[in-house]
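Notes follow the structure.
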Amino acid sequence: MTRSAAIYGCSGHRLTEDEKAFFAEVRPWGFIVFRRNVDSPDQMRALTDEMRDCVGDADAPVLIDQEGGRVQRMGPPHWPKYPPAEAYLKATGDPLAARELVRLGARLMAHDLRSVGVNVDCAPVLDVPVPGAHDIIGDRAYARDPATVAMLGRAAAEGLLAGGVLPVIKHMPGHGRAFADTHKELPTVHADLDTLDGWDFAPFKALSDMPIGMTAHIIFTAIDRKHPATQSKKAIRMIRERLGFGGLLLSDDLVMNALSGTLTERAVKSLKAGCDLVVHWNGDMAEMRQVAEGVGKLKGKAAKRAEAALARIVREVEPLDVFAARDRFDALMAGRVEAAKGPDVGEAQA
């Protein structure tokens, strides 16, 4: 059955009757959970089951932002605390060793997520910060150069995919040069196209084969002087053509103050510009109804991209000895190299 081109959150640990009725009516493509929705493994499994029941699809996407560090929705006491992206390179001092560690961490995250019914992670961050940029990215970046970000970002994506969870590369075409927080205001980037292409775009071009991407609410004057990338036909055309991204494209959260207008208008502008789906995260019912007014059915090329993305979820996940893998991960992060010696990450089997 046809679904709408939206992803919604909910208000609490379980769906309210109003939420169940709304989701059954509008049939979103997927859902997103945040810290306010997370209590325990049993509760999370019940919540994700309820979400899927509303749309009658046992495989409906359930997303989360689980990067580690500042952005981790599932954490102690029921799940491990993961480090921020920049910590991997700091712990190893070597990009190749960091690559193994990043993949192992992502594989463990995928295990945590899949066990409670979450099958899409809004990670990895492929933004490359420049000196003086706003710290909204900061330690969420794997490194301070595009080549290393691309290498470590791919390791994270592969670890998630191996564990049955789809990665979402973000924030396209690049958030590392923004001097403001898009949650609060609309940043404008004045770099020329050659500079952007060689730095900001590079990791996204290197991972253009990934199934899902997320846009940035940023104006790039070299691309479009009037509209943030999320709502810019020119920027999304560039994401498709110059960056070579053929996957499913999500808007960043519609509620963020970088966007203007009503939520209906924000949804309409984002979809008309070329986003395949819009995301509304906070679970506010009145706001979700506004978004729904601007969202039609997921169809055409967008529907085909959505189908192709979900086809990337593996049914038989890579074998993993969870306890041994966690011990190895903790030892490597702590720099206890001798204690961490063991099989390569791809060989950590049950």
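The values are calculated or read from the model by the stated rules, or taken from the named source; none is laboratory data. The structure displayed is predicted, hence computed values, not measured ones. Backbone-built Cβ (ideal geometry, glycine too); neighbour counts: all protein chains shown. To get the accessible areas, we keep the full protein, side chains included, count just its heavy atoms, and leave off ligands, DNA and RNA. Shrake-Rupley method; radii C 1.70, N 1.55, O 1.52, S 1.80 Å.
State which residue pairs qualify: first residue closer than 15 Å to Pro84 by Cβ and inside the stretch 124-150, second residue hydroxyl-bearing (Ser, Thr, Tyr) and open to solvent by less than 40 Å² (accessible area, probe 1.4 Å) in any location, beta carbons under 6 Å apart, and separation of 6 or more residues or different chains.
Filtered contacts from the stretch 124-150: Val149/Tyr142.
Within the stretch 134-212, considering only helices (runs of 4 or more DSSP H) that don't extend past its boundaries, which have at least 1 residues that are open to solvent by less than 30 Å² (accessible area, probe 1.4 Å) and of a type in the set (S, T, N, Q)?
So the answer is 146-162.
If only one of Thr2, Thr48 is open to solvent by 40 Å² or more (accessible area, probe 1.4 Å), among the hydroxyl-bearing types (Ser, Thr, Tyr) and under 27 Å from Val314 (Cβ atoms), which one is it?
The conditions single out Thr2.
Residues of the stretch 109-123 being in a loop (DSSP other than H, G, I, E, B) and in contact (Cβ under 8 Å) with a residue 60 or more places away in the chain, which ones?
Ser115, Val116, Gly117, Val118, Asn119, Cys122
Condition first: crowded, with 17+ Cβ neighbours inside 10 Å, modelled with pLDDT of 95 or more, small (Gly, Ala, Ser) and in a loop (DSSP other than H, G, I, E, B). Can you find one or more residues in the stretch 259-271 that meet it?
Looking through the stretch 259-271, none of the residues is crowded, with 17+ Cβ neighbours inside 10 Å, modelled with pLDDT of 95 or more, small (Gly, Ala, Ser) and in a loop (DSSP other than H, G, I, E, B).
Which one is modelled with the lowest pLDDT, of the residues in the stretch 124-133 that are part of a loop (DSSP other than H, G, I, E, B) and either open to solvent by less than 10 Å² (accessible area, probe 1.4 Å) or on the phi > 0 side of the Ramachandran plot (or both)?
Quick first cut of the stretch 124-133, residues part of a loop (DSSP other than H, G, I, E, B) only: 124, 126-133.
Imposing the further condition that a residue be either open to solvent by less than 10 Å² (accessible area, probe 1.4 Å) or on the phi > 0 side of the Ramachandran plot (or both) reduces the set to 124, 126-128, 132.
On the way: Pro124: 98, Leu126: 98, Asp127: 97, Val128: 97, Gly132: 86.
Looking at the filtered set, the residue picked out is Gly132.
Going by what's in this entry, would Met285 be described as under 20 Å from Gly153 (Cβ atoms) and modelled with pLDDT of 95 or more? First the steps, then the outcome.
Details: under 20 Å from Gly153 (Cβ atoms): no; modelled with pLDDT of 95 or more: yes.
Taking the combined requirement at face value, the residue does not satisfy it.
Give me a count of the residues in the stretch 305-340 that are open to solvent by 70 Å² or more (accessible area, probe 1.4 Å) and either in contact (Cβ under 8 Å) with a residue 60 or more places away in the chain or within 16 Å of Leu166 (Cβ to Cβ) (or both).
5
For the stretch 220-237, how many residues meet the condition of being touching a residue at least 60 places away in the same chain (Cβ under 8 Å) and either at positive phi or open to solvent by 80 Å² or more (accessible area, probe 1.4 Å) (or both)?
0
Could you please let me know if Gly274 is touching a strand residue (DSSP E or B) at 6+ places or on another chain (Cβ under 8 Å), at pLDDT 95 or above and surrounded by fewer than 19 Cβ atoms within 10 Å (Cβ to Cβ)?
no
Pairs under 8 Å by beta carbon, first residue buried (at least 20 other Cβ atoms within 10 Å of the Cβ) in the stretch 13-24, partner part of a loop (DSSP other than H, G, I, E, B) and hydrophobic (A, V, I, L, M, F, W, C), six or more apart or different chains?
That search, which allows pairs on different chains as well, returns Glu19/Cys10; Phe23/Leu15.
Considering only residues of the stretch 277-298 that are open to solvent by 30 Å² or more (accessible area, probe 1.4 Å), assigned to a helix (DSSP H, G or I) and not basic (Lys, Arg), which is nearest to Met256 (Cα to Cα)?
Out of the qualifying residues, it is Glu287.
For the stretch 25-36: of the residues being at negative phi and among the basic types (Lys, Arg), which is least open to solvent (accessible area, probe 1.4 Å)?
Going residue by residue through the stretch 25-36, those that are at negative phi are 25-26, 28-36.
Retained after the next criterion (residues that are among the basic types (Lys, Arg)): 35-36.
Values: Arg35: 134, Arg36: 71 Å².
Out of the qualifying residues, it is Arg36.
Being touching a residue at least 24 places away in the same chain (Cβ under 8 Å), in a helix (DSSP H, G or I) and open to solvent by 10 Å² or more (accessible area, probe 1.4 Å): is that true of Ala91 here?
Yes: the conditions hold for Ala91.
Could you list, in sequence order, the residues of the stretch 299-338 that are among the hydrophobic types (A, V, I, L, M, F, W, C) and assigned to a loop (DSSP other than H, G, I, E, B)?
Ala311, Ile313, Val314, Val317, Leu320, Ala334
Please indicate, with yes or no, whether at least one residue in the stretch 312-320 is in contact with an Asp or Glu (Cβ under 8 Å, 6 or more places away or on another chain) and not charged (D, E, K, R).
Yes, the stretch 312-320 has at least one match.
Yes or no: the stretch 144-152 includes at least one residue that is hydroxyl-bearing (Ser, Thr, Tyr), modelled with pLDDT of 95 or more and either in contact with a strand residue (DSSP E or B) (Cβ under 7 Å, 6 or more places away or on another chain) or farther than 28 Å from His190 by Cβ (or both).
no
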